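Engineer: Next up is a structure, given as structure tokens.
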Amino acid sequence: MTELSEGLRPAAGSRAPVDYPRSLRTPRGLKALLLVALVICSAPAVRANEFAQLIFTPHFSLANPGARSLGLGGAFLALADDATAAFANPAGLVQLAEPEVSVEGRHWSYSTPFTISGNVQGSPTGIGLDTEIGLRTGISSDDSTGVSFLSFVYPRGRWSFVLYRHLYLKFESTAFTQGLFKDGRLTRDRYLDQVASADALITSYGFSSAVRITDSLSLGIGLVLYDAEVTMIGSVHRWDAPYDLLGTPTSFGPENLVTTTTLTQDDKDMAFTGGFLWRFSQAWTLGGKFREGPEIHITGAALFGPANSLGFPPGFVIESEAFPTAKYPDTYGLGVAFRSPGGRWTAALEWDRITYSDMAKSMELEDQTVDDGDEVHIGCEYVFLGSRPLLALRAGAWLDPDHVLRATSDNPYTQALLRPVGDEMHYAVGFGMAFERFQLDGAIDFSELVDTISLSAIFSF
């Protein structure tokens, strides 16, 4: 969507550093879900005082770092036997006998569906753009690569300590509409076309420690500093020929701009994490965790273009900090792992409860919601004990429940734009090679909407 970027750039103009009037805040508040939900704001639609909003919700997950965890389908809570335990379950850090440094790189390929055009209500007229029965879906594709995890672990007696950096979220996206129609009182109504973009980067810096209470039980605790740099931009445009409602496309040029809203999360927050690990038999281990999500403040600005009908001069800007603070989800988890005698086979099962609804509640959304999610992870590992270096093969799968915003209002446009995505199955495979002081792991996790490739290395000394 590079060709649309000019229409998204706020033009210079007068600024009014005051709170939004309620009518300019979008009637139902911010339309955002994080990790990042992209919000698109209010604009006058076909009839006076009717507001339109395009909401584009990226399909994100809160997966554990580390290629070993990824290859096991994320079922790592009851294992937690490398440096990524600092995030997955800090109690597992006591299993590390020597200081070590770890680094992981990841590549993500996102495919996020959104509604482009079609009929939200009634039948098409067959004129101009109004020819589609039902709704047409587009896909926003994004590839991101980065150093996703970096850590230093220092064990000392019954204690272990770790400093780490984790790439919590790295995401870019673009979405747009081009002709959404419904039946009106006398004729067809058309939803104003919109274009949306998001650029999100959230990095966490953590300190965790663990203590061995007994030979079979350990506890861990940690503090995490989240640093968010998120920009979400939504522009509403009138179609090129104002009186040709059915047949004219929208070029998204600045001359047809109604309004552009920019929402920014440039904030930091501290959060808590903790866990336990209990080896209740020689072969079986039980683990549990709690990870608190950060609360990130949002600021916003609305710029009015020449096509607005609210009486503001083109280039006029209203700024506001009167937005609710976005509460990112908390995570609760339980896991169990089995290791065969000798350690050749390992199998793990994990359940995670993620409070995605915290986002919608904190944003005070009234016409949309999102359910909490229950993730189920399962994985296994086979180690060739006679090989040098040691070679391990891994496989896993996990259920990612639908956790995008869905409409709860009777507004047909909102229902068309906020449609359920559905639950998604992920499948993963991976490998590991362990040398005397060095370990290399790789994995790939693939699903319909998100593919992830990971390569990680551990150096002990």
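Engineer: Can you give the longest stretch of the chain with no exposed loop site, where a site means trypsin sites (Lys or Arg not before Pro) in a DSSP loop (not H, G, I, E or B) with at most 10 other C-beta atoms within 10 Å?
Structural biologist: 186-461
Engineer: For the charge dipole of the chain, defined by +1 on Lys and Arg C-beta atoms and -1 on Asp and Glu C-beta atoms about the Cα centroid, which residue among GLY373, MET359, ILE213 has the Cα displaced farthest towards the positive pole?
Structural biologist: About the Cα centre, the residue reaching furthest to the positive side is ILE213.
Engineer: Using Cα pairs closer than 8 Å and at least 6 residues apart in sequence, work out the relative contact order for the stretch 13-460, in percent.
Structural biologist: In percent, rounded to a whole number, it is 19.
Engineer: I want the local charge near ALA307. Using Cβ-Cβ distances under 9 Å, sum +1 for each Lys or Arg and -1 for each Asp or Glu among the other residues.
Structural biologist: 0
Engineer: Determine the calculated [θ] at 222 nm for the chain from helices alone, applying -39500 (n - 2.57) to every DSSP H run no shorter than 4 residues and normalising by the residue count; nearest 500 deg cm²/dmol.
Structural biologist: Working: 4 runs with 21 residues, N = 461.
Helix-only estimate at 222 nm: -1000 deg cm²/dmol.
Engineer: Let me ask another. I need the semi-axes of the equivalent ellipsoid of the stretch 13-460: take the C-alpha gyration tensor, multiply each eigenvalue by 5, square-root it, list largest first in whole angstrom. Mind dumping the intermediate values first?
Structural biologist: Details: eigenvalues 450, 99, 60 Å².
With the √(5λ) rule applied to the stretch 13-460, the semi-axes are 47, 22, 17 Å.
Engineer: Please report how many Lys pairs in the stretch 13-460 have alpha carbons closer than 27 angstrom, counting only residues at least 8 apart along the chain or sitting on separate chains.
Structural biologist: Count of close lysine pairs: 15.
Engineer: How big is the charge dipole of the stretch 13-460 about its Cα centre, in debye rounded to the nearest 20, if each Lys and Arg gets +1 on its Cβ and each Asp and Glu gets -1 on its Cβ? Spell out each step's value before the answer.
Structural biologist: Working: 33 positive and 51 negative charges, 124 e Å.
Its charge dipole is roughly 600 debye.
Engineer: So which chymotrypsin sites (Phe, Trp or Tyr not before Pro) in the stretch 191-277 are both in a DSSP loop and have at most 12 other Cβ atoms within 10 Å of their Cβ?
Structural biologist: Working: sites: TYR191, TYR205, PHE207, TYR226, TRP239, TYR243, PHE252, PHE272, PHE276; in loops: TRP239, TYR243, PHE252.
Passing sites in the stretch 191-277 are TYR243.
Engineer: Determine, for each peptide in 438-445, 383-390, 126-133, the mean count of other beta carbons within 10 angstrom over its residues, then list the peptides with the highest first.
Structural biologist: 438-445, 126-133, 383-390
Engineer: About its Cα centre, what dipole magnitude does the stretch 338-380 give when the only charges are +1 on Lys and Arg Cβ and -1 on Asp and Glu Cβ, stated in debye to the nearest 20? Spell out each step's value before the answer.
Structural biologist: Details: 4 positive and 10 negative charges, 135 e Å.
Roughly 640 debye for the stretch 338-380.
Laboratory data are not the source of any read-out in this text; all were calculated from the coordinates shown. Note that this is a predicted model, so its numbers are computed, not measured. Cβ: placed from backbone, ideal geometry, glycine included. Neighbour counts: every protein chain shown.
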